[in-house]
Amino acid sequence: MISIYNTLTKSTEAVLPTEQRPIGIYTCGPTVYRRSHIGNLRSYLMSDWLRRAIESTGAEVLHVKNITDVGHMRQERVDLGEDKILAAAVAEGRSPKEIADEYTAMFFSDEKALGIIAADVYPRATEHIPEMLSMIQKLIVDGFAYVVDGAVYFSVDAFGGYGKLSGNLASQLLPKDPSEIDSRKRDPRDFALWKEAEPGRSMKWDSPWGQGFPGWHIECSAMAGRYLGSSIDVHTGGVDNIFPHHECEIAQSESFYQQRHTNVWLHGQHLLVNGVKMAKSSQNDYTLDQLQQRGFQPLAFRYLCATVRYRTRLNFTLRSLDAAQKGWLRFRKTINSLDLSSDIVAKDRDQMRRYRSQFAAHIQNDLDLPLALSTAWAVTKSEISGAGKLALIEEFDKVLGLELTSYDEGAFPEEVLELARHRFDARRDGNWIGA
């Protein structure tokens, strides 16, 4: 049984299906206007480890991860660069669909490189407009939303539980600058479910209120309901999704279904770079391909993420990634060097049961990957036969996902690795001639 920390209840809870069906996981996926950075990817690794942990207990999982391929801002905000997809299309002289398709393909490539198991469904927002319109119409009929000049707003005041996920009070949600208040809203806290399309907009759809496009939050509520029904077991994302995105999802979905829609909310903490928050303006928002260009392998980043609890901030540095890569390669080489001449004997099986129990306990205790990884290392130093060690590591790696037993020594000659380490050290120290 897997227990994880529920952001909603502020307690650790067991993940149990509500019916005789697979455990449903919904993950907020990428907005495909650029390549995902490693902070995004850390969040997707978290949901992958959750899936692997659940499946290790014998339970089935239905994993849904959306692709946000529609912009949400009006043209005047696009001109300011705030609508990411449309702004990227304008800047690159291509259509929004071309932009979205290219970066979606890159996202899939990055997930594969990191050993992330593909979700069962990757719904695209642009392909689920009918579901969004249907949900919005019902929210209007039930008194949770209202129409103004071709736009539809959710009435926060009509939903009594708004703020229960983030802990925000009503007074904290009011804009500090009066000029930021949309005069068409009944309440400044209300948020858009549907926006009217301005002249010249390319991404727009017909609706009962005229041509327009969906707000950001309604997409996930509609797609989650489409594939996972009225009750989701676990909804995952980064802490930056808690407010406003997930708070608004709760308001929409619970108003629509008239019941608690998500049982457990799982959020991963920020990834910092050299102690500061990642930002494009700071040029520290590394992507996976940029790390590869520096000589790092994708699974070294996965290994690094496994050394820190998902609810703890991870301070990323190139030095820490270098150490992680060395540790990961050393682990693989250790497994590759095992003496497999002896069979597994009774004494081995007793120790294997103890290690197996320890590993499962760590994984099931709020995804304690650091201790689980430590247990895997302890196996390699134990008195278990080589064959027994290999069998255990193969079993553990189904959860860790580090490809620990596929080490090809010929692909990584020690002299090549040593040269790579010297080159990295030289580049770090600014010794470009030596590098």
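The values are calculated or read from the model by the stated rules, or taken from the named source; none is laboratory data. As the structure is a prediction and not an experimental result, all values here were calculated from the model. As a convention, Cβ positions derive from the backbone with ideal geometry for all residues, glycine included, and neighbour counts pool all protein chains shown. Areas reflect the complete protein model, heavy atoms only, side chains present, ligands, DNA and RNA absent. Shrake-Rupley method; radii C 1.70, N 1.55, O 1.52, S 1.80 Å.
Pick from region 263-293 the residues that are in a helix (DSSP H, G or I) and open to solvent by 50 Å² or more (accessible area, probe 1.4 Å): which of them is farthest from Tyr103 (Cα to Cα)?
Checked region 263-293; the qualifying residue farthest from Tyr103 (Cα to Cα) is Ser282.
Answer with yes or no whether Phe296 is within 32 Å of the chain's Cα centre (by Cα), surrounded by 15 or more Cβ atoms within 10 Å (Cβ to Cβ), part of a loop (DSSP other than H, G, I, E, B) and touching a residue at least 12 places away in the same chain (Cβ under 8 Å).
In short, yes.
Name the residues in region 120-135 that are closer than 19 Å to Tyr146 by Cα and of a type in the set (S, T, N, Q), would you?
Listed by number, the list holds a single entry, Ser134.
Only one of Thr334, Thr375 is hydroxyl-bearing (Ser, Thr, Tyr), assigned to a helix (DSSP H, G or I), closer than 19 Å to Ala324 by Cβ and in contact (Cβ under 8 Å) with a residue 24 or more places away in the chain. Can you tell me which?
Thr334
Look at Leu340 and say whether it is in contact with a Gly (Cβ under 7 Å, 6 or more places away or on another chain), touching a residue at least 12 places away in the same chain (Cβ under 8 Å) and aliphatic (A, V, I, L, M).
So Leu340 passes the test.
For Leu193, state whether it is crowded, with 17+ Cβ neighbours inside 10 Å, modelled with pLDDT of 95 or more and on the phi < 0 side of the Ramachandran plot.
yes
Working only within region 208-262, note down all residues that are within 15 Å of Ser134 (Cα to Cα), open to solvent by less than 10 Å² (accessible area, probe 1.4 Å) and out of contact with any Lys or Arg (no Cβ under 8 Å at 6 or more places or on another chain).
Of everything in region 208-262, those that are within 15 Å of Ser134 (Cα to Cα), open to solvent by less than 10 Å² (accessible area, probe 1.4 Å) and out of contact with any Lys or Arg (no Cβ under 8 Å at 6 or more places or on another chain) turn out to be Ile218, Glu219, Cys220, Ser221, Ala222, Met223, Ala224, Gln252, Ser253, Ser255.
So which residues in region 14-23 are surrounded by 13 or more Cβ atoms within 10 Å (Cβ to Cβ) and either closer than 17 Å to Trp49 by Cβ or of a type in the set (S, T, N, Q) (or both), if there are any at all?
Passing the criteria: Val15, Thr18, Ile23.
Select from region 103-125 the residues that are assigned to a helix (DSSP H, G or I), in contact (Cβ under 8 Å) with a residue 60 or more places away in the chain and of a type outside the set (A, V, I, L, M) and write down the one among them that is most open to solvent (accessible area, probe 1.4 Å).
Top of the filtered list is Tyr103.
Has region 356-377 got at least one residue that is under 23 Å from His37 (Cβ atoms), of a type in the set (Val, Ile, Thr) and either open to solvent by 60 Å² or more (accessible area, probe 1.4 Å) or out of contact with any Cys (no Cβ under 8 Å at 6 or more places or on another chain) (or both)?
Within region 356-377, not a single residue is under 23 Å from His37 (Cβ atoms), of a type in the set (Val, Ile, Thr) and either open to solvent by 60 Å² or more (accessible area, probe 1.4 Å) or out of contact with any Cys (no Cβ under 8 Å at 6 or more places or on another chain) (or both).
Quick one: is Asn315 farther than 22 Å from Phe107 by Cβ, in contact with a Leu (Cβ under 6 Å, 6 or more places away or on another chain) and not hydroxyl-bearing (Ser, Thr, Tyr)?
Yes; evaluated as a whole, the condition is true for this residue.
For region 331-357, what are the residues that are of a type in the set (Gly, Ala, Ser) and at pLDDT 95 or above?
Correct list: Ser357 only.
Could you grab me the full set of residues in region 100-113 that are aliphatic (A, V, I, L, M) and modelled with pLDDT under 95?
Ala100
Would you pick out the residues in region 304-317 that are open to solvent by 20 Å² or more (accessible area, probe 1.4 Å) and over 11 Å from His270 (Cα atoms)?
Scanning region 304-317 gives Thr307, Val308, Arg309, Thr317.
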